[in-house]
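Below: the structure, in structure tokens.
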Amino acid sequence: MTHAFKTTVCLLIILGLILPYVAMASLSEIAGAPKCAIKNALRNILRDIGEAIRKFLKAVIRAAACAAVSFFTGGAFGCSTPDKVEDSATSQDTAKEFIYDPVARCISRGIFDKSVNGVLALVREGGRDGGETWIKNWRNFETNAEYRGENIFRAELSNTKMCDYFEQDLKNTFGVRGKTSLKDANTRTGSLDPFSLRVNCTLPSSFNMASYQSDFAGNGGWEAWSRLLEPQNNYYGTLFGSLDEANKQRNIEKSSDLNQALAGRGYLSISGDGKNAASSCKTRDLNGKCLIYNDIKTPGSTIGDSVSTTVEKELEWVVSSDELNELLVDISERLVSRLKDLRAPDKEAPIEIVGEYQGGNYGGLPDPEDPVEEPPPSEPNPSPPGGEPGSLLSDVQAERGNYGTPMTPAQLASFLNAVAWKNSSNGWGLLSKPGGTNCPFASGPVSCDILFHKPSGLHYDVLIDSDGAATPTWSLVGSVETSRWLAPVQP
């Protein structure tokens, strides 16, 4: 079979071969299969042309050597002419080798990649508050659970009726600034009575502390005194009872989270629809922080098993190739990158396939019609390449002095913008945060305590307890996609 004829057959037959796969693959995978199969066929044809040239040159060299031997020996010695070897491959073998196998592998790889990407997208974005499902920092994970327990206690306290002569002072002590509903939430723990009942004032509703102090006998005398000694009827008794309740809520949230994490082997369960941050939370406090998460829909162990299976199947894909031209050459690069950082998006360009289709790249050669990406323009960065930027703690401390305590969400955004604007020439900005707890900004909601250095991709926590004392700090959090960087505006 000549190369020209083989090329013509490949191009004409491919369209007819695609139709049987309609019931097996999505339209996107099928649409890429003709291009994939054509390139694979052409690659194999070029390989055969190279082999024919090699054989021709070998025959020429052999003939020249034989002629030389015959000449110098006077024809006593010579070389026999080898019989022509006929091509034993049948038309069916050729079709399978050049058409059916590449098309089937192209479509199946496309479907496989789509499934893997769907699983990984859920794992990366379907967790609590729209984040990852795995635990990135165990210390922060445990302390965040404790903080959530404290906020649940504050919500309990906000709905509790106490003796009016110390109620507001006690609520101010714990930072309660308004009522937060805890409807349908189980908050009673370690006691037969709920907290609201244990600290409920038992003095008559007509009792007035100022009148009692001015007229001891006329306002209950010693009987009132004995009742004032009951824990729920005096400030310090209720204070100690509140501290005990805060500790209970702190411990139960921490225990609940740890048990969930251990059961999921480091992965947390999915409690929302996996599409946005709001879906995972059932009840939020006045600052927008989640207090109670929705019921679990997918256990963390299932998430972990899915990730493990994804890695195993990609390895199986390599070893399942039964011929050399079906072997994936560079899939290990993506697999290793994924194991190093599961958050990182998959890179399709470095994946090279010999005789196979993968994400629009064949044998590492870019398509002529594909646009060439120009490198982004360099940005000012006083730090050495790859290094951390200089600390802005002094600027953070100076700007913090312009605000009172506590700071409102709008003030927090204004504070961050002022510091970022002062250092905007070095690439500083704010971190976009559409979901969860955020602060209003001109370009959209932002994180309330983060400054983002775009040149290095690093972001820093600059406030401890931003919704409370808002104490200046300078703590590296890590790297984040630069697409979430927001430029500051002139204050």
Where residue 116 falls short, out of the listed (1) over 33 Å from the mean Cα position of the chain (by Cα); (2) within 17 Å of residue 303 (Cβ to Cβ); (3) among the aliphatic types (A, V, I, L, M): (1)
Meets criteria (free of Cβ contacts under 8 Å to residues at least 40 places away in the same chain and either in contact with a helix residue (DSSP H, G or I) (Cβ under 8 Å, 6 or more places away or on another chain) or of a type in the set (Asp, Glu) (or both)) for residue 188: yes
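Here is a check on your reading of the model: is residue 197 farther than 27 Å from residue 265 by Cα and not in a helix (DSSP H, G or I)? Outline the logic, then answer.
Details: farther than 27 Å from residue 265 by Cα: yes; not in a helix (DSSP H, G or I): no.
Considered against the rule, which asks whether it is farther than 27 Å from residue 265 by Cα and not in a helix (DSSP H, G or I), residue 197 comes out as no.
Could you list, in sequence order, all residues of region 132-179 that are of a type in the set (Phe, Trp, Tyr) and assigned to a helix (DSSP H, G or I)? Steps first, answer last, please.
First pass over region 132-179, keeping only residues of a type in the set (Phe, Trp, Tyr): 134, 138, 141, 147, 153, 165-166, 174.
The answer is 138, 141, 147, 153.
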Conditions (1) modelled with pLDDT under 90; (2) under 17 Å from residue 153 (Cβ atoms); (3) out of contact with any Gly (no Cβ under 9 Å at 6 or more places or on another chain): number failed by residue 290: (3)
Test: residue 311 is outside any strand (DSSP E or B), of a type outside the set (Ser, Thr, Tyr), modelled with pLDDT under 70 and not assigned by TED's automatic domain parsing to the domain that holds residue 433: no
Residue in region 418-440 that is at pLDDT below 90, among the polar types (S, T, N, Q), out of contact with any Lys or Arg (no Cβ under 9 Å at 6 or more places or on another chain) and closer than 21 Å to residue 289 by Cα present: yes
Single residue of region 221-247 satisfying the filter (of a type in the set (S, T, N, Q) and touching a residue at least 24 places away in the same chain (Cβ under 8 Å)) that is nearest to residue 203 (Cα to Cα): 233
Residue selected from region 433-477 under the condition within 17 Å of the chain's Cα centre (by Cα) and farther than 25 Å from residue 281 by Cα, by the criterion surrounded by the fewest Cβ atoms within 10 Å (Cβ to Cβ): 457
So residue 189, is it within 22 Å of residue 294 (Cα to Cα), part of a loop (DSSP other than H, G, I, E, B), modelled with pLDDT under 90 and not assigned by TED's automatic domain parsing to the domain that holds residue 469: yes
Among residues of region 189-226, those that are within 42 Å of the chain's Cα centre (by Cα), surrounded by 15 or more Cβ atoms within 10 Å (Cβ to Cβ) and not hydroxyl-bearing (Ser, Thr, Tyr), counted: 2
Residue match in region 452-460 (condition: among the aliphatic types (A, V, I, L, M) and within 18 Å of residue 400 (Cβ to Cβ)): no
Residue in region 229-243 that is part of a helix (DSSP H, G or I), closer than 25 Å to residue 467 by Cβ, touching a Gly at 6+ places or on another chain (Cβ under 8 Å) and modelled with pLDDT of 90 or more present: no
Residue count for region 260-306, restricted to those that are touching a residue at least 40 places away in the same chain (Cβ under 8 Å), within 21 Å of residue 121 (Cα to Cα) and of a type in the set (A, V, I, L, M): 6
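Looking for whichever is of a type in the set (Ser, Thr, Tyr) and in contact with a Lys or Arg (Cβ under 6 Å, 6 or more places away or on another chain) here; the options are 447, 443, 466. Which one fits?
Details: 443 fails: in contact with a Lys or Arg (Cβ under 6 Å, 6 or more places away or on another chain); 466 fails: in contact with a Lys or Arg (Cβ under 6 Å, 6 or more places away or on another chain).
After ruling out the rest, the residue left standing is 447.
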Residue that is surrounded by fewer than 19 Cβ atoms within 10 Å (Cβ to Cβ) and hydroxyl-bearing (Ser, Thr, Tyr), where the choices are 280, 271, 255: 255
Lone unmet requirement of (1) closer than 19 Å to residue 135 by Cβ; (2) in a loop (DSSP other than H, G, I, E, B); (3) modelled with pLDDT of 80 or more for residue 274: (3)
Leading residue by the ranking (farthest from residue 238 (Cα to Cα)) among those in region 174-196 that are touching a Lys or Arg at 6+ places or on another chain (Cβ under 9 Å) and among the hydrophobic types (A, V, I, L, M, F, W, C): 185
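Please tell me if residue 303 is buried (at least 16 other Cβ atoms within 10 Å of the Cβ), assigned to a helix (DSSP H, G or I), touching a Ser or Thr at 6+ places or on another chain (Cβ under 7 Å) and at pLDDT below 90. Write out each step before concluding.
Details: buried (at least 16 other Cβ atoms within 10 Å of the Cβ): yes; assigned to a helix (DSSP H, G or I): yes; touching a Ser or Thr at 6+ places or on another chain (Cβ under 7 Å): yes; at pLDDT below 90: yes.
Here the answer is yes, as residue 303 does meet what is asked.
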Within region 227-252, considering residues that are charged (D, E, K, R) and closer than 19 Å to residue 292 by Cβ, the one surrounded by the most Cβ atoms within 10 Å (Cβ to Cβ): 245
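The values are calculated or read from the model by the stated rules, or taken from the named source; none is laboratory data. No experiment lies behind these values; they were computed from the predicted model shown. A quick note on method: Cβ atoms are made from the backbone with ideal geometry, for glycine too, and the neighbour counts reach across all protein chains shown.
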